[in-house]
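The values are calculated or read from the model by the stated rules, or taken from the named source; none is laboratory data. The structure displayed is predicted, hence computed values, not measured ones. Positions of Cβ are generated from backbone atoms using ideal geometry, with glycine treated the same way; all protein chains shown enter the neighbour counts.
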Amino acid sequence: MEHKNCNIEFKFSEDGADTMTFEGYGAVFGNEDSYGDVIALGAFTETLAKATESGRLPAMLEQHGGFGLGAGDNTPIGKWLEMSEDDTGLKVKGQLADTDRGRDIYTLMKMGAIDGLSIGYRVKESTPRKNDDDPKRTLTKLDLVEISPVTFPANGEARIHAVKSIDEIETVSDIEDNLRDAGYSRSDAKHLIAKVKDNLRDADDSKILANIAASTRRATSKLRK
């Protein structure tokens with residue numbers, strides 16, 4: 001199995017008090033990495049179709065599972081919720097597990113100590129270099145096995161862009177986005193926010209935001225049950 005770090009931009013948020021979700025790009029098409037490889041548009045089409053059919057997406061590991069010497073090396077730190085291809089690359093949405101390792105990874109990501117992402121894959125089809133200016137390989141069909149947060153990405157641009165928890169919200173719009181991500185319709189999200197604001201009509205903005213955040217935690221917790 002080969003590993004590759006690609007140009008990504010990640011946005012992190014919490015859908016609730018104890019559910020850590022994030023989304024972004026696990027790979028970007030047409031971006032030459034430090035190994036001289038380029039992933040072509042459509043390289044993940046077949047493997048994603050099979051994952052959709054089986055109902056099992058590739059694994060989420062830490063540092064590609066390390067050296068595989070310890071019992072927990074290949075234990076997932078969370079799960080991928082969604083994966084799809086668009087014109088940019090491999091778009092992913094994942095959730096870190098509410099375990100010691102999952103919370104540790106989230107904390108390290110949040111402080112920027114772990115800010116890379118890398119894919120583990122098997123090459124099924126590729127095109128070798130034809131001209132001196134061409135990449136070493138153009139990867140046209142990949143069997144995606146896992147995607148890992150990593151400390152040392154092969155591509156210097158493969159970095160996590162931002163991390164935000166529900167306790168760090170700055171606007172009511174941020175909370176509405178969290179509710180929408182958790183499964184609320186736009187109208188229901190606006191109704192919940194309006195109800196809290198009406199009950200706190202004489203409070204300042206910071207108190208309103210804090211109470212809306214608390215209501216969001218309770219609401220999204222009910223949705224998950």
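Taking the conditions exactly as written (out of contact with any helix residue (DSSP H, G or I) (no Cβ under 6 Å at 6 or more places or on another chain) and assigned to a strand (DSSP E or B)), does GLU82 satisfy them or not? Here the answer is yes, as GLU82 does meet what is asked. All told, SER165 meets the bar of being modelled with pLDDT under 65, out of contact with any Cys (no Cβ under 8 Å at 6 or more places or on another chain) and either of a type in the set (A, V, I, L, M) or surrounded by 14 or more Cβ atoms within 10 Å (Cβ to Cβ) (or both).
A quick yes/no check of all residues on (1) part of a loop (DSSP other than H, G, I, E, B); (2) buried (at least 20 other Cβ atoms within 10 Å of the Cβ); (3) not basic (Lys, Arg):
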position	(1), (2), (3)
ASP87	yes, no, yes
VAL92	no, yes, yes
MET109	no, yes, yes
GLY112	yes, no, yes
TYR121	no, yes, yes
ASP134	yes, no, yes
THR138	no, no, yes
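Taking the numbered list (1) over 27 Å from GLU32 (Cα atoms); (2) of a type outside the set (Ser, Thr, Tyr); (3) touching a strand residue (DSSP E or B) at 6+ places or on another chain (Cβ under 6 Å) in turn, ASP73 passes all entries but (3).
On inspection, LYS124 does not qualify as assigned by TED's automatic domain parsing to the domain that holds LYS141, among the basic types (Lys, Arg) and more than 15 Å from GLY42 (Cα to Cα). Tell me whether region 153-162 contains one or more residues that are within 14 Å of GLY78 (Cα to Cα), in a strand (DSSP E or B), at pLDDT below 85 and out of contact with any His (no Cβ under 6 Å at 6 or more places or on another chain). No: region 153-162 contains no residue that is within 14 Å of GLY78 (Cα to Cα), in a strand (DSSP E or B), at pLDDT below 85 and out of contact with any His (no Cβ under 6 Å at 6 or more places or on another chain). Just name the residue that is farthest from PHE22 (Cα to Cα) out of those in region 96-107 that are among the acidic types (Asp, Glu) and assigned to a helix (DSSP H, G or I). The qualifying residue farthest from PHE22 (Cα to Cα) is ASP100.
Give the residues of region 45-93 that are in contact with a Leu (Cβ under 6 Å, 6 or more places away or on another chain) and modelled with pLDDT under 90, sorted by residue number. Matches in region 45-93: LYS93 only.
Restricted to region 23-47, and to residues there that are among the hydrophobic types (A, V, I, L, M, F, W, C) and touching a strand residue (DSSP E or B) at 6+ places or on another chain (Cβ under 6 Å), the residue that is nearest to SER148 (Cα to Cα) is ALA27.
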